[in-house]
1. Residues to consider are Val292, Val304; find the one that is away from the ligand (no atom under 15 Å from the Cβ), crowded, with 20+ Cβ neighbours inside 10 Å and under 24 Å from Phe7 (Cβ atoms).
2. Which residues, taken from region 1-11, are surrounded by 11 or more Cβ atoms within 10 Å (Cβ to Cβ), more than 16 Å from Ala331 (Cβ to Cβ) and among the aliphatic types (A, V, I, L, M)?
3. Can you find a residue in region 346-363 that is surrounded by 15 or more Cβ atoms within 10 Å (Cβ to Cβ) and within 16 Å of the ligand (Cβ to nearest atom)?
4. Applying the selection to region 27-59, what residues are assigned to a loop (DSSP other than H, G, I, E, B), crowded, with 16+ Cβ neighbours inside 10 Å and in contact (Cβ under 8 Å) with a residue 60 or more places away in the chain?
5. Looking only at helices (runs of 4 or more DSSP H) that lie completely in region 119-209, which have at least 2 residues being surrounded by fewer than 19 Cβ atoms within 10 Å (Cβ to Cβ)?
6. Among the candidates Ala374, Ala343, single out the residue that is more than 16 Å from the chain's Cα centre (by Cα) and modelled with pLDDT under 95.
7. Yes or no: Thr101 under 27 Å from Phe338 (Cβ atoms), touching a Phe, Trp or Tyr at 6+ places or on another chain (Cβ under 8 Å), β-branched (Val, Ile, Thr) and assigned to a loop (DSSP other than H, G, I, E, B)?
8. Do we find a residue being part of a loop (DSSP other than H, G, I, E, B), within 24 Å of Asp158 (Cβ to Cβ) and either within 16 Å of the ligand (Cβ to nearest atom) or at pLDDT 95 or above (or both) anywhere in region 80-96?
Amino acid sequence: MTDAALFTPLTIRGVTFRNRVMVSPMQQYMAERDGLPNAFHAQHYGRQAIGGAGTVMTEALGVTPEGRVTWHDLGIWTDEQAETLKPIAETLGAAGAVPATQLIHAGRKGSVGRPWEGYNPLSEADAARGFPPWPTLAASAAPANPGWHEPRAMDEDDIARTIDAYHAATRRAARAGFRFLEIHAAHGYLIHSFLSPLSNRREDRWGGDRAGRMRFLLAVTEAVRAAWPGDLPLSVRLSCIDDQPEGWTLEDSVAAACALKALGVDLVDCSSGGLGERTTTRMIRRPEGYQVPFAERIREAAGVPTIAVGLITTPAFADAVIREGRADIVAIGREALFNPHWALHAAQALGADPGFSDWHPSWGWWLEKRARAARAPAQ
Ligand SMILES: Cc1cc2nc3c(=O)[nH]c(=O)nc-3n(C[C@H](O)[C@H](O)[C@H](O)COP(=O)(O)O)c2cc1C
C-alpha cells in the first residue's frame with residue numbers, strides 16, 4: 001500500500017468520496033428528442049460506474065427544453081425525466097461512486113447539431129429532418145459565433161422563469177437519487193453569457209459592473225442551494241478565464257468563488273474558455289493539466305475546495321495535483337472515454353490497491369490471484 005494522495009477519501013457535508021477521481025461531465029448527445037436517457041446511457045454510465053472513480057458526474061441535464069444544446073441532450077425539466085434518471089444514479093451508487101449530475105441552460109449556444117454532425121446552428125434542412133431550430137435566450141442579443149442564431153436578450157420574466165426552472169430541476173435531481181450537484185456556469189452557456197463583459201452588454205441590474213454580471217449566477221445558486229438538501233455537496237463549474245482580450249479574468253473568478261462560497265457552494269470546478277468558440281473542438285496544443293493553475297489559485301485565494309480538469313491523463317500527474325494541494329478533486333474527461341477503468345488502473349499504477357480490492361470481486365479476486373502467481377518464485 002502506498003500513500004497515494006489521489007486515493008485518500010474526501011468528506012464534504014454528509015458525503016464521503018472514496019477517492020479524488022471524478023469522471024467529468026460529458027454530454028453524449030444520444031437522447032432521441034425527449035431528454036430521456038435510453039439503453040445507450042445505461043450502458044455508458046454502467047461502464048463508467050465500475051471504473052473506480054470516487055464520483056461520476058453525468059452529462060449536463062437541460063433545465064428547460066430551450067436550455068438544451070442539441071435536440072439529443074438529456075433533460076430534467078419533467079418528473080418523467082427524473083424518474084428515468086433514477087436507475088442511472090442507482091447504478092453509480094451501487095458501484096461505490098457518488099452519483100453526481102450537472103444542470104445546464106445552454107443559452108445562446110443552444111439549437112445546434114451534434115458535434116460529429118458539424119455542430120452548426122440548426123437550419124431549415126434540420127427542420128425538414130424533424131429537428132427544427134428553436135429561439136435561444138442570452139444576457140444580450142449577440143450570437144456566440146458569426147452566423148449563429150441571434151438570441152433574445154432575457155427580460156425580467158425570462159430571468160425569473162429560468163431561476164425557477166433551476167430550482168425545480170434541483171429538486172428533481174435530489175429525487176432521482178443524485179448526491180452531488182454541479183451548476184454549469186462555464187463554456188459560454190447561459191450563465192457564462194451573463195458573467196463575461198464580452199457577451200453581457202446589459203445596462204440593467206443584471207449587467208454592467210462585475211457585481212451586476214454575477215447577479216444571475218448568484219441568484220441561480222441561491223435557488224439551487226435552497227432546493228438541494230443541506231447534507232449534500234454543491235459545486236459550480238466556471239470558465240476561470242475567457243482567454244480573450246477584455247474578457248472575464250482569473251481574478252473575476254476568485255471574486256465569484258468567494259461569493260459562491262458565501263452562498264453554500266462547496267467546490268469550484270475550474271475550466272476555461274468556450275465563450276464564443278465551439279467549446280469542445282478547438283484545435284490547439286496544450287500541456288497536461290493546463291487548467292490546474294486556475295484551480296490552485298482559486299483554492300488558495302478564495303479558500304474554497306476546487307476541482308481541477310483538462311487534459312489530466314496520467315496517474316502520477318493527477319496524484320501530484322492532490323498531493324501538492326493544488327486541487328481537491330481531479331476530473332478525468334476524454335481519458336475516461338478511452339479507458340473507463342482509468343481510476344482502477346491509476347490505483348494499480350500508484351500502488352494504492354495491491355489486493356485489487358477496489359475492483360468488483362468477480363474480477364478482483366482473479367486479478368489478485370494472477371498477480372500473486374506472477375510474483376511467485378519459479379519452481
Ligand atoms: C464529449 C464531451 C462532452 C462534454 N460535455 C460536457 C458537459 O456536459 N458539461 C461540462 O461541464 N463539460 C463538458 N465537457 C468538458 C469536459 O467535462 C472536460 O472539462 C473537458 O473534456 C476537458 O477535460 P479532458 O481533457 O479530461 O477531456 C465535455 C467534453 C467532451 C469531450
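1. On the way: Val292 fails: away from the ligand (no atom under 15 Å from the Cβ).
It is Val304.
2. Selection gives Ala4 alone.
3. Scanning region 346-363, I find at least one residue that is surrounded by 15 or more Cβ atoms within 10 Å (Cβ to Cβ) and within 16 Å of the ligand (Cβ to nearest atom), so the answer is yes.
4. Passing the criteria: Tyr29, Ile50, Gly51, Gly52, Ala53, Gly54.
5. 124-128, 156-176
6. Ala374
7. It is false that Thr101 is under 27 Å from Phe338 (Cβ atoms), touching a Phe, Trp or Tyr at 6+ places or on another chain (Cβ under 8 Å), β-branched (Val, Ile, Thr) and assigned to a loop (DSSP other than H, G, I, E, B).
8. The first filter runs over region 80-96 and keeps only residues part of a loop (DSSP other than H, G, I, E, B), leaving 95-96.
Then drop every residue that is not within 24 Å of Asp158 (Cβ to Cβ), which leaves none.
Checking region 80-96: not a single residue is part of a loop (DSSP other than H, G, I, E, B), within 24 Å of Asp158 (Cβ to Cβ) and either within 16 Å of the ligand (Cβ to nearest atom) or at pLDDT 95 or above (or both).
The values are calculated or read from the model by the stated rules, or taken from the named source; none is laboratory data. This is a predicted model, so every value here is computed, not measured. Glycine also receives a Cβ, built like all others from the backbone with ideal geometry; neighbour counts cover every protein chain displayed.
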